[in-house]
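One structure below.
The values are calculated or read from the model by the stated rules, or taken from the named source; none is laboratory data. Small disclaimer: the values here were computed from a predicted structure and weren't measured. So basically every Cβ, Gly included, is an ideal-geometry build from the backbone, and we count neighbours across all protein chains shown.
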Amino acid sequence: MTLLHRAEARAVVVTAVHGRHAHLQRQRAALRTSTHPPLRHVVVAMADPQVSAQLDAAGPDDDVAPDTQVLSIARSSGRLPLAAARNMGAGQALKDLTGAEDLLIFLDVDCIPDPELIRAYLQAAQQRPEDLLCGPVAYLPKLPAEKLDVASAQQLASWAAPHPARPAPEPGEIITGGEHALFWSLSFAVRRDVWEHIGGFDEAYTGYGAEDTDFSWRARARGVELTWVGGARAYHQHHPVSRPPVEHLPDILRNGRIFADRWGHWPMQGWLEEFKRLGLIRRVGEHWVAAAPAAETPSGSSA
């Protein structure tokens, strides 16, 4: 009598990157410690020809890192094509992920995955195969590079602070029926069927903002539940940010209008209120527009 053994589920990690090369190296160093290593790491370089050279110069320790494929994508009308980059990475990953239980895992380049992240996502997918899975991301303070480079997962966990507005389940805990408004694209996972059911990211969104909110809204519209996976932890590396992100105002207005025309309300309400307070935008009917010529949305569309 021949016993048929079910093949072990596999995962491919997809990371879109522009700059942040040190962050990418730390992410790869963490992937080397995974208790369930990924089959491959697909890195999509957005208008960044230095990524391949950076990985080639990683050193001998990188020999035990997961197999890496670097893809390249150009800007779209001068803007970074984050939605298209994720779709490109997923398309490449799915060439290898032929099993029904295999998993696409998306990690922001700033995220250092916990050694248990991949295993936790795979185990959660066994319980919730039709869901959009999200792992908690905790934020690291500003730390010296030499300290961060050698930190263990336990040290990272002790330094990092959970996001105050999102669930932070404990390892082994799974929270189903999550609010789609709290989805974030820093760390999430889906099986092929779920990815194809949602339809990937809408490439009409280019530059900063709204593409991930649109993704979660389409998931909700298609009946895909959101589940938080406590063991799939990641640690977000510190980097300077603008509050509000004034440099991204044209993108926010452009992408926000695409979203509002589709879903009936504007995303990123907190930023919009801040821009209004600063006198940078004004309301015209159902839409927000720039209040000064310097902040007008650039012409052209990738839709």
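The residue that is surrounded by the most Cβ atoms within 10 Å (Cβ to Cβ), among those in region 118-132 that are within 12 Å of ARG233 (Cα to Cα) and in contact with a strand residue (DSSP E or B) (Cβ under 6 Å, 6 or more places away or on another chain), is ILE118. Could you tell me whether any residue of region 88-95 is part of a strand (DSSP E or B) and under 16 Å from SER185 (Cβ atoms)? No, region 88-95 contains no residue that is part of a strand (DSSP E or B) and under 16 Å from SER185 (Cβ atoms).
Restricting attention to region 165-184, which residues are over 18 Å from CYS111 (Cβ atoms) and under 19 Å from the mean Cα position of the chain (by Cα)? Listed by number, the residues that qualify are GLY178, GLU179, HIS180, ALA181. Comparison of ILE118, ILE105 shows that the only residue that is of a type in the set (A, V, I, L, M, F, W, C) and part of a strand (DSSP E or B) is ILE105.
Does any residue of region 51-58 turn out to be surrounded by fewer than 22 Cβ atoms within 10 Å (Cβ to Cβ), part of a helix (DSSP H, G or I) and in contact with a Lys or Arg (Cβ under 9 Å, 6 or more places away or on another chain)? Within region 51-58 (the criterion being surrounded by fewer than 22 Cβ atoms within 10 Å (Cβ to Cβ), part of a helix (DSSP H, G or I) and in contact with a Lys or Arg (Cβ under 9 Å, 6 or more places away or on another chain)), the answer is yes, since at least one residue qualifies. Name the single residue that is surrounded by the fewest Cβ atoms within 10 Å (Cβ to Cβ) among those in region 135-152 being out of contact with any helix residue (DSSP H, G or I) (no Cβ under 8 Å at 6 or more places or on another chain) and not in a loop (DSSP other than H, G, I, E, B). For region 135-152, the residue satisfying everything is GLU146.
Okay, residues lined up against (1) in the same structural domain as HIS23 (by TED's automatic domain parsing); (2) within 15 Å of the chain's Cα centre (by Cα); (3) at pLDDT 95 or above:
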{"residue": "SER158", "(1), (2), (3)": "yes, no, yes"}
{"residue": "ALA189", "(1), (2), (3)": "yes, yes, yes"}
{"residue": "GLY199", "(1), (2), (3)": "yes, no, yes"}
{"residue": "TYR208", "(1), (2), (3)": "yes, yes, no"}
{"residue": "SER216", "(1), (2), (3)": "yes, yes, yes"}
{"residue": "ALA232", "(1), (2), (3)": "yes, yes, yes"}
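Of all residues in region 198-217, those being surrounded by fewer than 21 Cβ atoms within 10 Å (Cβ to Cβ) and under 11 Å from LEU132 (Cα atoms) number 1. Cβ-Cβ contacts under 9 Å between residues 6 or more apart (or on different chains), taken from a first residue in region 213-238 that is under 11 Å from ALA168 (Cα atoms) to a second residue that is among the basic types (Lys, Arg), are listed as TRP228/ARG166; VAL229/ARG128; GLY231/ARG119; ALA232/ARG119.
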